[in-house]
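Down below is the structure, laid out as structure tokens.
The values are calculated or read from the model by the stated rules, or taken from the named source; none is laboratory data. What you are looking at is a predicted structure, and each value in this text was computed from that prediction instead of being measured. Note: ideal-geometry Cβ built from the backbone for every residue, glycine included; neighbour counts use all protein chains shown.
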Amino acid sequence: MSKRKTLKALLERHERALVIGTGAILLTAFLMNLEFNWIESSLYDFRMRTGTQPTPSEEIILLSVDDRTLTSLDELAPVPLEHHVKLLELLEKSHPRAIGYLVDMNRVAQTYPDQVRNEWGGRFVGVASRLETSGTPFILGTPFDINGEVVPPYPLSAVPHAVSVIHKDGNVFGEDKITRRALLGLYGKPSFHLELAHRLGGPDLDSPIRGQFSDASIDASYFFFRYFGATGYGPKAGAKTGYPVYSMIDVLEGRIPRSKLENKIVLVGSMSRTDSEDYAFTPYSKRPFVNPKLVVHANILDAVIHNRGIVRSPDWLNWITTFLMTAFVIWSVFTYTPLYGVFNTLLLALGFLLVGQILFSIRGLWIRESQPLVGIFLSYYLAVPYRLIQEYKRRWDYQQKNEILMQVEELKTNFLRLVTHDLKTPVARIQGLAEMVLRKAGPKLEEAEQENVRHIMKSTEELNHFITSVLELTKVESNRVTLNLESKDVNQVLERLVERFDAQSKAMNIPLTLELEPLFPIKIDASLIGKVLTNIIDNAMKYSPKGSSVTIRTRDLGETVEISVIDQGIGLSKEELANLFTRFYRAKNDQTTKISGTGLGLYLTKFFVEAHSGRVEVESEKGKGSTFKIILPSDLRSESVQPGLRTSANQNQVPNQGAK
Ligand code: ADP
């Protein structure tokens, strides 16, 4: 039992952490089972486009079998083998560093089978082998089909060849036919690019290229390659490929100086504008024919030579980032105000994208962003309603509690009213009887007995005062006070009051001095204001030593009338001042313990003055005396009465101000 209790307590204490943790784990597990390829590939392309790009290798040049070549040779695609042979013989003389021949020789062989079979075929193989022996790598790029590499027919098959396909994201990842990855090997044989790079002294055939991964289903390996500078190329944009492009015809007709070809890695390929087969989609634009395949080949080759692959972050890292992001968002929604919650979520998403971009540009690291990003927004949209529900629940609890409190308060007020009301009569009777005893039997009683009867009278007087105050309080709190406004001269009210204090003033030896400025009559409830002033003057005398004096001053301040009661009494500390108007508050110190009181006088004073749209101000210093100021508006009309009051001129209801 106790174990279960401690577990419950533990759960309650860590409820928030548990909700955040479980929520983040569940969301992460859910998201990791989904693929957001469209988002991921779009973000991938965005990074590729906007990040820093490595400079294209200056060694690579492109020889394009373009439309100009076709028209000049008066041929249709594909260009007959004889021209390729002539080109190769010319290139041989220029001593290039390597030649990658990306013209589909199967197509050439199909269209010109005789040329392949007779001397041109032989001459082609001849040049190739001479290049090989002179240490110039020469590789023929070949297509592949379901059976593997499509090797060109004899005798061209004798030339070194390797598969040189441009891979498109067809049914995996982007599914948008964009070329993001390149083939490195197929059925255990290196691809055209790897073979050529290797022969040029590049990577070892056995050690993998950075970011290399295999596709076991077709025994192939790939890598996500970097684009080096293939931006903005298109039929309209001109040959802005990052690599120099020369037309085949210009080489054939000797217009390209030898120096441009010497020691270069020459890639020869078709680039006819009328043939969509010659073009590929790249991450730079989704417009068709955006980059010639030849340019893409150059980029792949460059990436293999310089080992610049993109490394995809492992799955566990994706799990961790998704978990952390969702946990952070849920935590921030639970912790901060809604505005900060949105702000934090957006900031986190942007920060994450920025870090992703930097790592991609500088380290070639591809942090997968789709799951964490979807996680950020999904967790936000799930956490907000959860928080709302929690908050609603809490508010409901408060409301329940509040209602109970109000009921208790009402019960208490009713009880007080009933008790005090019932006490009134017996107390009055005791008082009357005591008076009668003193009057009739007084002279017969001894001095000590007379004193006792006077004590009875004084105590019943105090009890009476208490009962009246409590009844007043219950009236105030149950909304049963009415304002009977009438035009009155406050000075007259004061003069009459002071007369009543005459006996007390003499007994205590505290003279009351009146300093009254002439005043216009103002609208007040004379009975309530009378109670207010009585209490203030009574306090001034009660809390002053014998022999001191109390001054009552009135001033006309134009818009207001100010009544000040100034004493030279015990004064109030800062803390006492702060609580002065609280119900039942009485300052507790050596001087006040012997003085009887209810602690209700000032509470009622403030209430009654505010009901007149006025205010009470106190200035006091411990040991030096206090000044209580009652400030009443001089144009107290029905509209200016405190909001909530009923505005009939003579019957204004004072609102319930509730407990302080
Ligand atoms: P009480 O019936 O105790 O006088 P009040 O609400 O009228 O109740 O006053 C609250 C407390 O404020 C008093 O108990 C007293 O400590 C303090 N107080 C009121 N007036 C004065 C004054 N003129 N000088 C010093 N203390 C005062």
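Observations
- Restricting attention to region 468-497, the residues that are modelled with pLDDT of 85 or more and assigned to a loop (DSSP other than H, G, I, E, B) add up to 3.
- Selection from region 620-633 of residues that are within 11 Å of the ligand (Cβ to nearest atom) and not basic (Lys, Arg): Ser620, Glu621, Gly623, Gly625, Ser626, Thr627, Phe628
Results for (1) under 60 Å from the mean Cα position of the chain (by Cα); (2) hydroxyl-bearing (Ser, Thr, Tyr); (3) at positive phi, shown as yes or no for each residue.
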residue: Ala109; (1), (2), (3): no, no, no
residue: Gly122; (1), (2), (3): no, no, no
residue: Thr133; (1), (2), (3): no, yes, no
residue: Val150; (1), (2), (3): yes, no, no
residue: Asp169; (1), (2), (3): yes, no, no
residue: Glu175; (1), (2), (3): yes, no, yes
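- Any hit, region 19-39, residues being within 30 Å of Leu91 (Cβ to Cβ) and of a type outside the set (A, V, I, L, M): no
- Boolean, Lys606 is modelled with pLDDT under 90, closer than 21 Å to His465 by Cα and more than 7 Å from the ligand (Cβ to nearest atom): no
- Residue among Leu194, Leu200 that is surrounded by 18 or more Cβ atoms within 10 Å (Cβ to Cβ) and at pLDDT 90 or above: Leu194
- Pairing each residue of region 62-75 that is farther than 11 Å from Val268 by Cβ with any residue that is exposed (fewer than 15 other Cβ atoms within 10 Å of the Cβ) and of a type in the set (A, V, I, L, M, F, W, C), provided the two are 6+ apart or on different chains, yields C-beta distances under 8 Å for Leu70/Leu76.
- Listed by first and then second residue, the pairs with beta-carbon distance under 6 Å, at least 6 apart or on different chains, first residue in region 258-278 and touching a residue at least 12 places away in the same chain (Cβ under 8 Å) and within 18 Å of Met105 (Cα to Cα), second assigned to a strand (DSSP E or B) and not aliphatic (A, V, I, L, M), are Leu267/Gly100; Val268/Tyr101; Met271/Ser64; Met271/Pro292; Asp278/Ser270; Asp278/Pro292.
- Here region 543-572 is the region considered, the condition is being in a loop (DSSP other than H, G, I, E, B), of a type in the set (Gly, Ala, Ser) and more than 10 Å from the ligand (Cβ to nearest atom), and the residue that is surrounded by the fewest Cβ atoms within 10 Å (Cβ to Cβ) is Gly558.
- Condition broken by Arg368, with the remaining ones in (1) assigned to a helix (DSSP H, G or I); (2) within 30 Å of Thr321 (Cβ to Cβ) satisfied: (1)
- Test: residue in region 415-430 that is in contact (Cβ under 8 Å) with a residue 60 or more places away in the chain and among the hydrophobic types (A, V, I, L, M, F, W, C): no
- Residue in region 87-105 that is over 60 Å from the mean Cα position of the chain (by Cα), modelled with pLDDT of 95 or more, assigned by TED's automatic domain parsing to the domain that holds Glu195 and farther than 14 Å from Arg130 by Cβ present: yes
- Qualifying positions in region 538-566 - charged (D, E, K, R) and in contact (Cβ under 8 Å) with a residue 60 or more places away in the chain: Asp538, Asp556, Glu559, Glu562
- Each residue in region 513-542 was checked for being surrounded by 20 or more Cβ atoms within 10 Å (Cβ to Cβ), more than 13 Å from the ligand (Cβ to nearest atom) and outside any loop (DSSP other than H, G, I, E, B), and 5 of them qualify.
- The numbered conditions (1) among the hydroxyl-bearing types (Ser, Thr, Tyr); (2) over 25 Å from Val296 (Cβ atoms); (3) assigned to a helix (DSSP H, G or I) are all true for Tyr154 except (3).
- Those residues of region 581-603 which are aromatic (Phe, Trp, Tyr) and either touching a residue at least 24 places away in the same chain (Cβ under 8 Å) or within 8 Å of the ligand (Cβ to nearest atom) (or both), in sequence order: Phe581, Tyr585, Tyr603
- Checking each residue in region 495-546 for being of a type in the set (S, T, N, Q) and closer than 16 Å to Ser564 by Cβ picks out Thr513, Thr534, Asn535, Asn539, Ser544.
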